[in-house]
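Throughout, read-outs are computed from the coordinates displayed, never taken from laboratory work. In this text, all values refer to a predicted model and were calculated from it rather than measured experimentally. Neighbour counts run over all protein chains shown; Cβ positions are idealised from the backbone, glycine included.
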């Protein structure tokens, strides 16, 4: 069942001015509940503009956004409730930290939901666990933490609201490889525990290849494709043509295919590549009558 849906969604910046630009152009989508969705696109493709419509931060010029089948703007007074159900983590969220302590910063969202103190405490502690934050940090100022820890505090603050849909815009941007790994582990932990729908916007196909069930590719404000991750990578050459940088391992397998070595599968992670090559070697051995 679709938890989020858009119908003919269109949004134009600077309408009526010389700088007018349609960022989202007649987009219709259905986002099924419980999946991890990767959102890809080159700079200016409309991906960040699109996700800001899902919780009402932007209101479309035309078309609809539906949450559980109901237009989120049907009753303007309920848009605040929509934002509790569709949580959005902006790029570089650590710059939006303002709490006196780590605990208070994470607790800000749940407190605004009107929850009692015991429920707030439980949610803060759970979100801290999901994001790998040591409980001994809770009474420290968030401004004393490392950059990676600050980002996890900001993400934990949105997770603590237990949104039906968690949307993260470039959550690993600017981090080193270890920091990126930690952030994506946090997202996996949250998804595993809650079963919520998660949407991750990224320019890195390598990051999303390792975590996403489906990929939504935006191009010039329109949906280029929206399908299972493996099927999207089957269109790797088309993705390159619209300006996306496919994973290095996918490039290698495309080159092998051009040279006559076709593994018959779309390869987009190193782990998957190892399994595919192993299966291919076993097949060759069997064909030659060699012992495995």
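Between residue 282 and residue 188, what is the spin-label point distance in nm, taking each point 7 Å from the Cα along the Cα→C-beta axis?
In this crude label model, residue 282 to residue 188 measures out at 2.3 nm.
With springs only between Cα atoms under 10 Å, which of 77, 141, 48 fluctuates most in a Gaussian network model of the chain?
77
Would you indicate which of [x] 36, 26, 17; [y] 30, 22, 17; [z] 45, 20, 15 is the value of semi-axes √(5λ) of the Cα gyration tensor in Å derived from the coordinates of this structure?
[x]
Cα centroids of segment 3-28 and segment 127-162: how far apart, whole angstrom?
Rounded to whole Å, the Cα centres lie 35 Å apart.
How far apart, in nm, are the 7 Å Cα→Cβ label points at residue 78 and residue 255?
Label-label distance for residue 78 and residue 255, simple model: 5.5 nm.
Find how much the distance from residue 10 to residue 274 grows on full extension, using 0.36 nm per residue of separation minus their present alpha carbon separation; answer in nm with one decimal.
Working it through step by step, the gained length comes to 90.8 nm.
So what is the calculated 222 nm ellipticity per residue for the chain, using -39500 (n - 2.57) for each DSSP H run with n of 4 or more, over all residues, to the nearest 500 deg cm²/dmol? Write down the numbers at each step before the final one.
Numbers: 11 runs with 114 residues, N = 292.
Computed mean residue ellipticity for the chain: -11500 deg cm²/dmol.
Fewest Cβ neighbours within 10 Å first, please rank 210, 225, 186 accordingly.
By the 10 Å Cβ count, ascending, the order reads 225, 210, 186.
For the chain, set up a Gaussian network in which alpha carbons nearer than 10 Å are linked by springs, and say which option among 277, 31, 200 fluctuates the most.
In this elastic network of the chain, the residue with the biggest mean-square fluctuation among 277, 31, 200 is 277.
Using 0.36 nm times the number of residues separating residue 118 and residue 241, minus their current alpha carbon distance, what extension gain do you get?
Taking residue 118 through residue 241 to full extension adds about 39.0 nm, to one decimal.
By count of other Cβ within 10 Å, fewest leading, how are 259, 222, 193 ordered?
Ascending number of Cβ neighbours within 10 Å: 259, 193, 222.
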